[in-house]
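Readers should treat all values here as calculations from the given coordinates under stated rules, not as data from a laboratory. Computed from a predicted model, the values in this text were never measured in an experiment. Here the Cβ positions follow ideal geometry from the backbone for every residue, glycine too, while neighbour counts run over all protein chains shown.
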Amino acid sequence: MNISEKLKIDPLNYAAGLESPIGIYIRREIFKHEPKSDAALKKRLYDQTVADQSIDGSWSQLFVRTANNLWNLALLGCEAEEKSVKKALGWLLSIQKSEYRGHPGFFSSPNRKDPSLMRSTTYGEFGPGCSIFYQTTYAVHLFHIFGLHNNENVQTTVRSYLDFWNPRWCGAWCTINVLRILIEHPLSAESKQVNSGLEHLAGLQTKTGTWRGFPFYHTLHALSRTRHTVAKKQLERAFPIVIRRQNKDGSWGRKERETETFLVLDSLKNAGVM
């Protein structure tokens, strides 16, 4: 099935005008379309991103800013050995000092501004659950997308989640944030915790293809990262609403159109239907 043939409007119409890291990523990875102007745009966006990076590798000692800027650098195509990326990942490891109910490996920023900033931020692949779960899952994901999932510190975190996590442990955002990293990490991708999480979501999926109480686009994206049959069936039920929800300009979403368009198009790519 090729969903692109069923969409009302070519999403490239929207993506072609995005002068952002998400725009760069969508054109390069989804549509294999890299206009010559993207080289200069990529350099400008990179320079803007690293210009106010702190000496310690963070951005203003704020987890949310640091994580989102690292995600931006990944979208631009930067690799783990790039100087700014390496420094920022080092800062993340410096805040991996917390235990959660006796389980080690959790990331927690000491900056008191982070929880409120997290709740007001709609940008990125992770949403505002419990602060320590948001920071920990986002950090683990960043190490993964930069190819560092074998880092011992990251593996400690994943093992801790495998020791205690289940899909009913916390709210919807915490559930989908944790499930996302367990799905993608090699230590946990085939675990019983992932299986139970997928089954839990299957029980919550409605006839329309949405998931009761769960953010649609983030759930769609998390499920697109696995090849489990249970997930594939849910994605197939969700695809019709993806088609119906497309905006007239080719995007998706309302409040954060760039992020939600990224989540949809990357999901379709991951599922092999784009």
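Worth pointing out:
- The loop-placed trypsin sites (Lys or Arg not before Pro) in region 1-107, going by DSSP, that have at most 11 neighbouring Cβ atoms within 10 Å of their Cβ come out as Lys8, Lys32, Lys36, Arg101.
- Helix runs (DSSP H) in the chain reaching 20 Å along axis by Cα, Kyte-Doolittle at least -0.5: 131-145, 229-245
- Only Lys, Arg (+1) and Asp, Glu (-1) charged, at Cβ; the chain dipole about Cα centre in debye: 780
- With 29 Å as the limit, the listed pairs Lys8/Lys269; Lys87/Lys233; Lys42/Lys248; Lys207/Lys269; Lys83/Lys232 have Lys87/Lys233; Lys83/Lys232 beyond it between alpha carbons.
- Average Cα contact separation per residue, region 3-270, under 8 Å, 6 or more apart, as relative contact order %: 19
- Taking 4.7 Å between beta carbons as the limit, the unpaired Cys residues of the chain are Cys78, Cys130.
- Residue-averaged [θ]222 nm for the chain, counting only DSSP H segments that reach four residues, each worth -39500 (n - 2.57): -16500 deg cm²/dmol
- Working note: Karplus 6.51/-1.76/1.60 with θ = phi - 60° gives region 7-21 the couplings 5, 5, 9, 5, x, 5, 4, 7, 5, 4, x, 7, 9, 8, x Hz, where Gly and Pro are set to x.
- Using only alpha-carbon positions in the chain, the gyration tensor eigenvalues give semi-axes of 28, 26, 15 Å once each is multiplied by 5 and square-rooted (largest first).
- FRET efficiency estimate (nearest 0.05) - Cβ-Cβ, Ile55 to Lys207, R0 35 angstrom: 0.05
- Loop-located GluC sites (Glu not before Pro) across region 1-107 with a Cβ neighbour count of 15 or fewer within 10 Å are Glu19, Glu79, Glu81, with loop assigned by DSSP.
- Coil-residue trypsin sites (Lys or Arg not before Pro) of region 165-234, DSSP, other Cβ within 10 Å capped at 16: Arg168, Lys207, Arg212, Arg227
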